[in-house]
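Read the figures in this text as sums done on the coordinates, not as results from a lab. Owing to the predicted nature of the structure, the values given are computational and were not obtained by experimental measurement. Positions of Cβ are generated from backbone atoms using ideal geometry, with glycine treated the same way; all protein chains shown enter the neighbour counts.
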């Protein structure tokens, strides 16, 4: 019986190599998406690829990306014939470690990544647009959207939101140490993993912040 | 007189908005590229975009990416008619801070990114291939390529290398605090920047590392 909680495998979500690193279960995919806020969004313009770094949020089985209504991919999605959207590939990557093998060939990274293929469509429903915009703020700093001024009508009108459903999705994960060849084990080179971590520094209040407004608890929690 | 040290501006390297954040000088572009080792490489497959996280290196005005000869974009570049390569967009992004404004609308990231557009071509010259492979190892850990076993003939034959010249290039940089609207300055929300940093953890030796092989100086220097 197929795993009902897994995304179906398709020709473009099955990697050409290291297939043991590919994962299709929702839990793995969601965890990787929920642990980040920056994606690299690919689209095609005049036949050539464009890759832009941008914020995103996951709400259930949909991803949202926002931007200016003048932004190229968002304008393209909004003006697509029959509201069919545009083809995108949204990629999220965490780097967890540098893998130093004895051989140059077996050097690698420990990482977790998710690729989402599909059609990104313009979101026009006002309620869904507000949910998406709150989610994007909260993806970066959980709890923040409730502690800031919501977008007003003018700001909403200047902002485009696109949605991408989680249908054609794969995760790729590498963990562990180097995979050296048996004949290299006696070589005199140090070998192992250098962990890579992202951390937050001490919050820096804006110069014009009024006295008496402390760093919120949800920011302190994030910074740890 | 045009700045001889800047990359020419083209329709696809001039952003539709926040043009003051765009930079075209070689010094800015090189600094952003040299401070990272992971890029997101976009290419077009069957008319749709694909974005893969991968390692890269800069050598002068060329970028190199490597991979298995079976990898889709590398195979496409190797088999392109007239050795003309394939269209790619190679994007490198550093996140420097979370910008928390009083209004949800003005939330932002401090970041530095570079987009390189162009044709990625298969590298066949053996000397250039070796230079590229060493450079990719050293981009991740400077000094490492000289302290590991170089690729042998079999490994070289299994590895494809593509080159992308720095011709159509732009950097985009956001720094500083939030840009709130004047009418929002009295709102009671904390506002400022949460710095984001990447750091390295304590190197973890491989389980089969022989006793007496210490962490090399170039790794200690990286970890700091």
Of every Cα-Cα pair in the protein assembly as shown, the percentage lying beyond 38 Å is 24
For chain A, the longest principal axis of the Cα atoms and the Cα long axis of helix A:126-140 enclose an angle in degrees, to the nearest 10, of 40
Inter-copy distances for residue A:124, label 7 Å out on the Cα-Cβ vector, sorted ascending, nm, one decimal, are 5.2
Inter-copy distances for residue B:176, label 7 Å out on the Cα-Cβ vector, sorted ascending, nm, one decimal, are 5.0
Footprinting proxy, B:172, B:154: sorted fewest to most Cβ within 10 Å, the residues are B:154, B:172
What the 10 Å binned alpha carbon P(r) of chain A shows, as percent of pairs per bin from 0, is 7, 26, 29, 23, 11, 4, 0
Shortest first and in nm, the label-point separations between residue B:82 and its counterparts in the other identical copies (7 Å out along Cα→Cβ) come to 3.5
log10 I(q)/I(0) for the range A:130-206, Debye formula on C-alpha points only (no solvent), q = 0.12, 0.18, 0.21 Å⁻¹, two decimals, reads -0.70, -1.00, -1.13
Reduced to Cα centres, the span from the range A:139-215 to the range B:1-70 in Å works out to 21
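In percent, what relative contact order does chain B have, based on Cα pairs under 8 Å that are 6 or more apart in sequence?
Details: 389 pairs, mean separation 56.9, N = 224.
Relative contact order of chain B: 25 percent.
Mind sorting B:148, A:103 by how few other Cβ atoms lie within 10 Å of their own Cβ, fewest first? Spell out each step's value before the answer.
On the way: B:148 24, A:103 21.
Exposure proxy ranking, most exposed first: A:103, B:148.
Can you tell me the relative contact order of the range B:1-87? Whole percent, Cα pairs under 8 Å, sequence separation 6 or more. Present the calculation step by step, with values, prior to reporting the outcome.
Numbers: 73 pairs, mean separation 13.5, N = 87.
Over the range B:1-87, the number comes to 16 percent.
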